[in-house]
Amino acid sequence: MSEQQPNPYTSDPAGQGGQPGTPATPGEGDYRWGPGEASYGYPQPYPAAPAYQPTIGGAGMPTPAYPMAAPAGAGSGFSLGDITVVGDQIMTPSGPMPLRGAMWNATDFSRTEEKIPPHAIVLAIVFFIFCLLGLLFLLMKEKTTTGYVQVTVTSGGRHHSTMIPAAGPHTYQWVMSQLNYARSLSM
């Protein structure tokens with residue numbers, strides 16, 4: 001039990017000679033604990049400060065890597081939220097994606113509520129006092145649709161999602177018809 005085992009983490013592979021933690025020969029075993037240089041998962045060094053301060057808006061600002069307008073000669077396309085299909089590409093704020101082989105999905109996060117509006121309650125109370133027909137005002141209903149429809153597209157190793165506000169109860173059917181057209185173009 002009093003026997004010491006060689007340390008497998010020393011830079012001396014034979015476990016003999018030298019100071020602990022120092023390599024037996026120079027250039028061997030330059031192991032240092034910690035990440036050393038910045039890598040994935042560790043903080044990156046701050047970029048160098050610009051040598052000048054721009055005085056004109058946009059001066060010194062990088063331009064976006066994706067094209068802003070449709071390519072010349074491309075046919076007319078369509079859009080769903082901020083996803084635009086033009087020619088054989090899908091344009092998104094995160095960059096262009098190939099149309100061929102794209103996966104399209106939609107999820108309905110909208111709801112339609114039906115309730116009695118406040119003015120119908122007031123009219124029912126007022127006309128109930130004068131005649132019993134005032135209760136008919138309680139049959140008035142008001143439908144309101146709230147929420148959104150989420151559209152996602154995945155193509156070329158990229159993924160983009162957008163939300164389309166629900167304007168009415170038939171918004172999801174309209175989005176699905178547009179999505180089915182996009183799916184037919186993706187084949």
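The values are calculated or read from the model by the stated rules, or taken from the named source; none is laboratory data. On a predicted model such as this, the values are computed, not experimentally measured, just so you know. FYI the Cβ positions are ideal-geometry reconstructions off the backbone, even for glycines, and counts take in every protein chain you see. These accessible areas exclude ligands, DNA and RNA; they are computed on the full protein's heavy atoms, side chains included. Shrake-Rupley method; radii C 1.70, N 1.55, O 1.52, S 1.80 Å.
Need pairs with beta-carbon distance below 6 Å; first residue touching a residue at least 60 places away in the same chain (Cβ under 8 Å) and over 11 Å from SER155 (Cβ atoms) and within region 77-97, second assigned to a loop (DSSP other than H, G, I, E, B) and charged (D, E, K, R); sequence gap 6+ or separate chains.
PRO93/ASP82
Conditions (1) farther than 23 Å from GLY156 by Cβ; (2) at pLDDT 85 or above; (3) open to solvent by 50 Å² or more (accessible area, probe 1.4 Å); (4) not in a strand (DSSP E or B), marked per residue:
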| residue | (1), (2), (3), (4) |
| --- | --- |
| GLY58 | yes, no, yes, yes |
| MET61 | yes, no, yes, yes |
| PRO64 | no, no, yes, yes |
| LEU123 | yes, yes, yes, yes |
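Tell me yes or no: at least one residue of region 151-166 is in contact (Cβ under 8 Å) with a residue 40 or more places away in the chain and not in a strand (DSSP E or B).
Checked against the condition, which is being in contact (Cβ under 8 Å) with a residue 40 or more places away in the chain and not in a strand (DSSP E or B), region 151-166 yields at least one hit.
Name the residue that is farthest from ILE83 (Cα to Cα), counting only residues in region 104-121 that are free of Cβ contacts under 8 Å to residues at least 60 places away in the same chain and among the hydrophobic types (A, V, I, L, M, F, W, C).
Among them, the one singled out is ILE121.
Would you tally the residues in region 145-187 being hydroxyl-bearing (Ser, Thr, Tyr) and loosely packed, with under 13 Cβ neighbours inside 10 Å?
The total comes to 3.
Quickly run through region 129-148 and pick out the residues that are under 30 Å from THR171 (Cβ atoms), out of contact with any helix residue (DSSP H, G or I) (no Cβ under 7 Å at 6 or more places or on another chain) and either free of Cβ contacts under 8 Å to residues at least 12 places away in the same chain or not β-branched (Val, Ile, Thr) (or both).
Correct list: LEU139, LYS141, GLU142, LYS143, GLY147, TYR148.
Looking at region 96-121, which of its residues are surrounded by 15 or more Cβ atoms within 10 Å (Cβ to Cβ) and not in a helix (DSSP H, G or I)?
If the condition is that a residue be surrounded by 15 or more Cβ atoms within 10 Å (Cβ to Cβ) and not in a helix (DSSP H, G or I), then PRO96, MET97, LEU99, ALA102, TRP104, ALA106, ASP108, SER110 are the ones that fit.
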